[in-house]
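The values are calculated or read from the model by the stated rules, or taken from the named source; none is laboratory data. None of the values given here were measured: they were computed from a predicted structure. Here the Cβ positions follow ideal geometry from the backbone for every residue, glycine too, while neighbour counts run over all protein chains shown.
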Amino acid sequence: MTISDVAGMVGARGQRHPERTARRRRYAMTPPTYFAVEYAINPWMDTAVPVDTDVAVAQWRRLREVYLRLGHTVATVAPVVGLPDMVYAANGGIVVDGVAVVARFRHPERAGESVAYADWMTGQGYAPRRTRHVYEGQGDLLLVGSKLLAGYGFRTDIRAHPEIAALTGRALVSLELVDPRFYHLDTALAVLDDTTIAYYPPAFAESSRRTLEALFPDAIIVAGADAFELGLNVVSDGANVVYPTAATGFAEQLAAAGFRPIGVDLSELRKGGGAVKCCTLEVYS
Ligand code: ARG
């Protein structure tokens, strides 16, 4: 199926969807060379379950290849021994309009990653900025159109939200997460293009659900079965949506909405509580 085949598709409710247009993206990814589950800081992690690092590396490489084949740019961040979660590059910070803000991690186990991601940003020519309060990069910060959607409740401190808004100059909408399995915003909400999102409502506090309904009345509502596969942890270029293969129901919803779902198996990296988006830092510049 090509992008143009999909563009004219008629959705489940019979309406014709707008043409989906891919935009070339810039991503940064960190290979899972030292990936392991040595501590448990989210409900997906279990130190008793063995991890096969070679399998993790093979799955990660396949994800990278998918991006390259779609025409995107992928920069590689050097992994650091002793920082097993560094593969979740989305958490390293945010780069928007030439402004880089490096993460401040909640858990001491990940604190060293801030240094590694700041070094990478510096190497790319940015002058990394810092927040006073905890914030975990794009794990809790998603750009939709011109505004940032920002999660809080488990990792990012809501007091970091105004700091991020000031540093980036972007309008920011705060959303409260309430289910520990959806501890980062990018586990419960996916940005598909500049105006379209998908999300799992039970992961959000009542008031945040109302905010999302008001801002995105046409959002794709994802079922628990897919959300519990980390199915919302996807990366979209506006037309192609790279998603975890297990989220079959969400893939059907995406196709019905005119997107092109591309499944990638990241089962090994799921043992750390992450999937496609977690492994991908998008550079918005
Ligand atoms: N083990 C990591 C943690 O708990 C997983 C991070 C997943 N990343 C994400 N963007 N949700 O911090």
Test: residue in the stretch 66-88 that is in a helix (DSSP H, G or I), touching a strand residue (DSSP E or B) at 6+ places or on another chain (Cβ under 6 Å) and touching a residue at least 24 places away in the same chain (Cβ under 8 Å): yes
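For (1) over 19 Å from SER285 (Cβ atoms); (2) in contact (Cβ under 8 Å) with a residue 24 or more places away in the chain; (3) part of a helix (DSSP H, G or I); (4) charged (D, E, K, R), each residue gets a yes or a no:
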{"residue": "HIS133", "(1), (2), (3), (4)": "yes, yes, no, no"}
{"residue": "GLN138", "(1), (2), (3), (4)": "no, yes, yes, no"}
{"residue": "LEU148", "(1), (2), (3), (4)": "no, yes, no, no"}
{"residue": "ARG170", "(1), (2), (3), (4)": "no, yes, no, yes"}
Single unsatisfied condition, HIS107 versus (1) within 12 Å of the ligand (Cβ to nearest atom); (2) surrounded by 22 or more Cβ atoms within 10 Å (Cβ to Cβ): (2)
Flag for ASP265 being under 22 Å from GLY137 (Cα atoms), modelled with pLDDT of 95 or more and either away from the ligand (no atom under 16 Å from the Cβ) or under 18 Å from the mean Cα position of the chain (by Cα) (or both): no
Residue that is nearest to the ligand (Cβ to nearest atom), among those in the stretch 84-104 that are of a type outside the set (Asp, Glu) and surrounded by fewer than 19 Cβ atoms within 10 Å (Cβ to Cβ): VAL99
Count - residues of the stretch 28-55 that are more than 12 Å from the ligand (Cβ to nearest atom), more than 18 Å from the chain's Cα centre (by Cα) and either surrounded by 13 or more Cβ atoms within 10 Å (Cβ to Cβ) or touching a residue at least 40 places away in the same chain (Cβ under 8 Å) (or both): 6
Residues located in the stretch 174-232, provided they are outside any loop (DSSP other than H, G, I, E, B), of a type in the set (Ser, Thr, Tyr) and closer than 15 Å to LYS277 by Cβ: THR187, TYR199
